[in-house]
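The values are calculated or read from the model by the stated rules, or taken from the named source; none is laboratory data. Note that the structure is predicted; figures quoted are calculated from it, not measured. So basically every Cβ, Gly included, is an ideal-geometry build from the backbone, and we count neighbours across all protein chains shown.
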2 protein chains.
Amino acid sequence: MTFPVVGMVGGGQLARMTHEAGIPLGIRFKLLSDAPQDSAAQVVRDVVVGDYRDLDTLRGFARGCDVITFDHEHVPTEHLRALEAEGIAVRPGPDALVHAQDKGVMRARLTELGVPCPRHRLVADPADVARFAAEVGGFPVVLKTVRGGYDGKGVWVVDSAAEAAATTAPFLAGVPVLAEEKVAFTRELAANVVRSPHGQAVAYPVVESVQVDGVCDTVIAPAPDLADELGLAAQQLALRIAKELGVVGHLAVELFETEDGRVLVNELAMRPHNSGHWTQDGAVTSQFANHVRAVLDLPLGDPRPRAPWTVMANVLGGDFPDMYPAYLHCMARDPRLKIHMYGKDVKPGRKVGHVNTYGDDLADVRERARHAADYLRGVITE
Amino acid sequence: MTFPVVGMVGGGQLARMTHEAGIPLGIRFKLLSDAPQDSAAQVVRDVVVGDYRDLDTLRGFARGCDVITFDHEHVPTEHLRALEAEGIAVRPGPDALVHAQDKGVMRARLTELGVPCPRHRLVADPADVARFAAEVGGFPVVLKTVRGGYDGKGVWVVDSAAEAAATTAPFLAGVPVLAEEKVAFTRELAANVVRSPHGQAVAYPVVESVQVDGVCDTVIAPAPDLADELGLAAQQLALRIAKELGVVGHLAVELFETEDGRVLVNELAMRPHNSGHWTQDGAVTSQFANHVRAVLDLPLGDPRPRAPWTVMANVLGGDFPDMYPAYLHCMARDPRLKIHMYGKDVKPGRKVGHVNTYGDDLADVRERARHAADYLRGVITE
């Protein structure tokens with residue numbers, strides 16, 4: 001068979017689920033993983049255990065692949081440029097991916113494109129944070145390390161100059177910090193699109209993403225009560241960003257919806273994304289399958305939903321290290337429940353899986369997802 | 001994590017798709033495969049390459065598994081009894097599986113249970129075939145080796161005593177041969193059910209299976225124009241067989257529908273089956289996921305269909321060893337097409353994949369599946 005080999009850097013659950021989606025496509029999947037017991041490494045045949053920060057490791061890994069793509073944003077941009085210069089297909093390429101790696105670069109570029117964003121600028125130290133606060137009408141303001149943050153890590157909301165001074169870790173470490181106005185948003189949305197090298201693109205329905213403590217908790221597809229024009233505008237915005245930035249693969253555009261009916265871009269991710277997990281059971285083609293198709297420049301699959309409502313709820317680790325009894329209970333309670341476990345050890349607050357539910361009645365679909373996620377976490381027992 | 005390990009014997013596409021279905025369930029999957037490049041071995045982390053006919057190989061493989069199950073029926077029954085006697089969970093167990101391994105045992109048991117079957121008996125030689133033909137009203141009659149047949153292999157329809165004499169290979173080899181009357185059936189159906197050790201069972205909708213040259217070509221779910229009572233009777237028959245034979249896991253009951261509105265049992269398979277591939281995209285829970293749930297004695301998932309019609313068409317190898325260009329074409333033509341490739345080298349007539357389509361309009365759903373399968377095989381080029 002001359003079917004191609006996709007290499008994915010990073011052994012987390014996104015790689016695990018991308019491999020799962022690639023099996024029916026008949027593509028060969030190779031993994032560069034930090035450790036042999038990582039989530040994806042448990043289920044993939046061809047695993048290279050190595051450090052993605054090492055250029056020679058990346059080079060050796062890429063040698064057996066027709067294209068390399070990513071489970072996370074942490075591969076140094078300069079390494080990706082080196083690989084690309086050597087003729088290796090890197091998708092998304094470094095010129096696109098840098099916008100998902102560096103929030104400063106992302107904000108500058110989106111602003112240049114006229115994409116609505118919260119007011120923002122790089123800040124030098126706590127005194128500069130106070131000046132920025134004055135510029136945007138006062139505290140609170142949001143501080144973000146420009147690289148390396150995720151799931152609420154590397155993000156602080158500060159209410160005063162004193163609190164900004166107390167949040168000194170990033171400044172002391174000399175990491176560039178971006179300050180952003182705290183947007184008075186009504187809710188968070190995500191517009192997910194997939195784009196291929198020859199420019200074909202598909203847009204999934206815009207979803208509502210409910211965050212708890214800075215971590216995605218629940219995703220509702222499509223976003224309830226979203227004005228048609230605003231939903232369409234958000235999809236078009238995401239497609240435009242994908243095109244202007246030259247994204248290949250899945251692009252998640254996390255958005256704030258404001259009281260006056262606008263959307264502002266919060267974050268970008270150029271890989272399968274938590275806000276797209278619902279597509280595994282809720283769309284004709286999942287984000288994972290379309291990511292694989294895109295990086296191989298294959299025609300993309302239909303992104304349309306299969307049910308009126310699909311809800312995804314993340315399963316976080318709780319106080320019970322053994323989730324198996326709860327998992328069994330949830331299967332017995334709801335034979336329609338779609339469980340996705342990542343094979344990860346349970347630690348409090350860690351994403352160890354998610355559940356998808358779908359159906360005609362949003363309240364019922366939400367309750368089923370919510371119950372299963374809470375039961376698996378151990379915060380309810382009936 | 002204390003999630004269990006399922007070991008599957010056999011590295012074909014059924015194991016490949018069972019692994020795919022097990023990934024979201026978070027179960028660990030181990031494979032005993034004939035060769036490192038077998039269909040399933042390409043995509044599974046833990047592969048033991050070895051001979052399933054060797055008891056010590058099976059023993060060593062089973063040691064790392066909580067339960068063992070099967071991609072095919074060819075493991076010697078006595079080995080399975082030995083493993084079971086040593087305390088290894090074998091599901092389905094040998095007392096059930098022997099009915100899918102040996103057509104003589106199957107016919108005897110089903111007849112004892114009063115399950116409608118074609119008239120049949122073991123035959124000793126070509127002269128005995130002629131006597132059997134006289135008993136059932138004349139030729140043609142069907143001859144089957146009791147063990148080892150599949151996809152039309154090991155099955156002969158003979159029209160005369162002379163032709164029975166010419167079909168001597170099985171007799172000369174000393175293999176027991178079962179003679180069956182050639183049933184004047186209107187079409188073939190399959191009733192697929194899944195049963196767990198504690199006796200929970202689910203029944204999928206009865207499907208129509210269209211055979212070409214003794215190989216499954218197309219499956220239509222549900223079977224069009226099937227009388228409600230007959231569909232229900234077929235499901236109940238399959239559930240009864242599963243219970244009486246003590247089946248654990250997926251049971252496919254292949255049926256003949258007769259002109260006078262009855263069903264007769266043709267074959268049994270105790271593993272995921274070609275007639276259930278439609279469930280991957282057409283049912284709430286696939287046969288593969290339910291097989292895994294059953295062998296682990298987990299609660300079973302909902303078997304109901306997700307669309308009014310789902311059609312599966314097998315992709316057979318044709319004259320073109322490289323299927324990738326055709327695969328790309330099919331994706332471009334039909335973004336809703338669900339392709340399932342097995343990673344196998346293309347050989348004429350070999351099952352190398354299948355496609356699923358679903359929707360509201362049966363004619364359209366059939367045409368889309370048919371077109372894709374024919375295009376991939378290379379028998380049409382537009």
Restricting the stretch A:300-340 to residues that are aliphatic (A, V, I, L, M) and in a strand (DSSP E or B), the one farthest from B:ARG306 (Cα to Cα) turns out to be A:LEU316
Restricting attention to the stretch B:40-73, and to residues there that are buried (at least 21 other Cβ atoms within 10 Å of the Cβ) and polar (S, T, N, Q), which single residue is nearest to A:VAL43 (Cα to Cα)? B:GLN42
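Out of the residues in the stretch B:247-281 that are hydroxyl-bearing (Ser, Thr, Tyr) and outside any strand (DSSP E or B), state the one that is surrounded by the fewest Cβ atoms within 10 Å (Cβ to Cβ). Before you say what the answer is, go through the steps one by one.
Step one: filter the stretch B:247-281 for residues hydroxyl-bearing (Ser, Thr, Tyr), giving B:258, B:275, B:279.
With outside any strand (DSSP E or B) added as a condition, the list becomes B:275, B:279.
On the way: B:SER275: 27, B:THR279: 30.
Among residues in the stretch B:247-281 that are hydroxyl-bearing (Ser, Thr, Tyr) and outside any strand (DSSP E or B), the one surrounded by the fewest Cβ atoms within 10 Å (Cβ to Cβ) is B:SER275.
From the list B:VAL284, B:VAL292, B:VAL355, B:VAL311, which one is crowded, with 23+ Cβ neighbours inside 10 Å, within 30 Å of A:MET331 (Cα to Cα) and without any contact (Cβ under 8 Å) to a residue 60 or more places away in the chain?
Selected residue: B:VAL355, the only one of B:VAL284, B:VAL292, B:VAL355, B:VAL311 that is crowded, with 23+ Cβ neighbours inside 10 Å, within 30 Å of A:MET331 (Cα to Cα) and without any contact (Cβ under 8 Å) to a residue 60 or more places away in the chain.
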Flagged in the stretch B:318-356 as away from every other protein chain (no Cβ under 11 Å) and touching a strand residue (DSSP E or B) at 6+ places or on another chain (Cβ under 6 Å), in numbering order, are B:LYS347, B:PRO348, B:GLY349, B:ARG350, B:LYS351
Among the residues of the stretch A:143-163, is any part of a loop (DSSP other than H, G, I, E, B), touching a residue at least 40 places away in the same chain (Cβ under 8 Å), closer than 22 Å to A:GLY214 by Cβ and more than 18 Å from the chain's Cα centre (by Cα)? no
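With the condition kept exactly as written, say whether any residue in the stretch B:308-315 is within 11 Å of chain A (Cβ to nearest Cβ), modelled with pLDDT of 95 or more and within 25 Å of the chain's Cα centre (by Cα). Before the answer, list the steps.
Filtering the stretch B:308-315 for residues within 11 Å of chain A (Cβ to nearest Cβ) gives B:315.
Next, from what is left, pick out any that are modelled with pLDDT of 95 or more: B:315.
In the following step, the residues that additionally are within 25 Å of the chain's Cα centre (by Cα) were identified as B:315.
Yes: the stretch B:308-315 contains one or more residues that are within 11 Å of chain A (Cβ to nearest Cβ), modelled with pLDDT of 95 or more and within 25 Å of the chain's Cα centre (by Cα).
When the residues of the stretch A:74-113 are filtered to those that are charged (D, E, K, R) and crowded, with 22+ Cβ neighbours inside 10 Å, which remaining residue is nearest to A:ASP34 (Cα to Cα)?
Among those residues, the one meeting the criterion is A:ARG91.
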Residue that is nearest to B:VAL365 (Cα to Cα) [pool: residues in the stretch B:207-246 that are without any contact (Cβ under 8 Å) to a residue 40 or more places away in the chain and assigned to a loop (DSSP other than H, G, I, E, B)]: B:ALA223
